[in-house]
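Encoded as structure tokens, the structure appears first; notes follow it.
The values are calculated or read from the model by the stated rules, or taken from the named source; none is laboratory data. Everything quoted here is computed from the prediction, not taken from an experiment. Glycine also receives a Cβ, built like all others from the backbone with ideal geometry; neighbour counts cover every protein chain displayed.
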Amino acid sequence: MNLIIQGPNVETTALKELAKLSGASAIEQIVPNVFRLPNARPADAIPALCAKERLDFAFVPEDRRLANFKLLVTDMDSTLITIETIDELASLVGKKDQVAEITTQAMRGEIPYDESLRRRVAVLKGLDETAIDQVYAERVKLSPGADKLIAGAKKAGIRIMLVSGGFTHVTEKLKAKLKLDYARANTLKVAGGKLTGEIEGTIVNADVKRDALIAVRDEMKIGKDAIIAIGDGANDLKFMAEAGVSVAYCAKPVVTRQATHSISNVGLDGVLRLFN
């Protein structure tokens, strides 16, 4: 196994201690602040040391290559982009805190996702449809390293899929802007130029996200091991479980515990550094 260490500032003393704890045979720099420790093995003290030093760590099979993968599937809100879209829409009607709390409860898996989404969307009733374009233009920002992740995946010939419990008004714009291959999200119901406070059609919940991934996987005729999945909330766990490698990005503890790897101190491009 390779032990991959990355962070905003990787101190030499910490690297030497990690090499000692893991029994690694060397310390190799990949790029600034990203290091590979070959022939490493897990040790109980490694997570605590990395947490103290604000470092992300991952034990990765030595022969795992980015070229092994054919599909990258990522969540949108608080993953590919920095915001929760529905929270920002709610702010336009003065109810961001109320909706954000429901969002947080849902992401922690404390209330059923479908129920939480209906409650949040209902708050938007009567909001002008153009408000979604306003939020996109003024508040939607890519997460750190997202552009490099997408560029690196494309260079490696990997197709990219966006699966989101957010809204098509945003995902379709991102799909076009970033030249993504696939996108699946909820559609807000509109009547007379106003949001009705309802979802049109099937709610894109954890099951639908998973099914969307499986449909693309089958279309591409690839196996689970050819998929990388990235998410942050409880409703991402089912689609992440369908991937050979899953990455929890700045995620809730329930996701971090179940993912293959966790990244919280570096940007999304840190995913690329996991592979030789």
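Test each condition in (1) charged (D, E, K, R); (2) modelled with pLDDT under 95; (3) within 17 Å of L149 (Cβ to Cβ) for D63 and report the one that comes out false.
Against the list (1) charged (D, E, K, R); (2) modelled with pLDDT under 95; (3) within 17 Å of L149 (Cβ to Cβ), D63 comes up short only on (3).
For region 50-76, which residues satisfy the criterion of being farther than 25 Å from K224 by Cβ, of a type in the set (D, E, K, R) and either in contact (Cβ under 8 Å) with a residue 24 or more places away in the chain or part of a strand (DSSP E or B) (or both)?
The answer is E53, R54.
Do any residues in region 212-237 that are closer than 21 Å to A67 by Cβ have Cβ atoms under 6 Å from those of residues that are charged (D, E, K, R) and modelled with pLDDT of 95 or more, where the two are at least six apart or on different chains, and which pairs are they?
L213/E242; I222/K70; A226/K70
Quick test for you: out of L142, L213, L149, L174, pick the one residue that is farther than 20 Å from G267 by Cβ and buried (at least 16 other Cβ atoms within 10 Å of the Cβ).
On inspection, the qualifying residue turns out to be L213.
Looking only at region 9-66, count every residue that is within 30 Å of K154 (Cα to Cα) and of a type outside the set (A, V, I, L, M, F, W, C) and tell me the total.
Within region 9-66, residues that are within 30 Å of K154 (Cα to Cα) and of a type outside the set (A, V, I, L, M, F, W, C) number 15.
Can you tell me which residue in region 20-49 is nearest to the chain's Cα centre (by Cα), limited to those that are surrounded by 20 or more Cβ atoms within 10 Å (Cβ to Cβ) and outside any loop (DSSP other than H, G, I, E, B)?
The qualifying residue nearest to the chain's Cα centre (by Cα) is V34.
Across region 147-175, what is the total count of residues that are closer than 28 Å to D114 by Cβ and among the hydrophobic types (A, V, I, L, M, F, W, C)?
Going through region 147-175 one residue at a time, the tally reaches 7.
Of all residues in region 85-101, which are more than 20 Å from D133 (Cβ to Cβ) and surrounded by 16 or more Cβ atoms within 10 Å (Cβ to Cβ)?
Listed by number, the list holds a single entry, A100.
Could you list all residues from region 241-258 that are among the aliphatic types (A, V, I, L, M), more than 19 Å from E110 (Cβ to Cβ) and surrounded by 23 or more Cβ atoms within 10 Å (Cβ to Cβ)?
Scanning region 241-258 gives A243, V245, V247.
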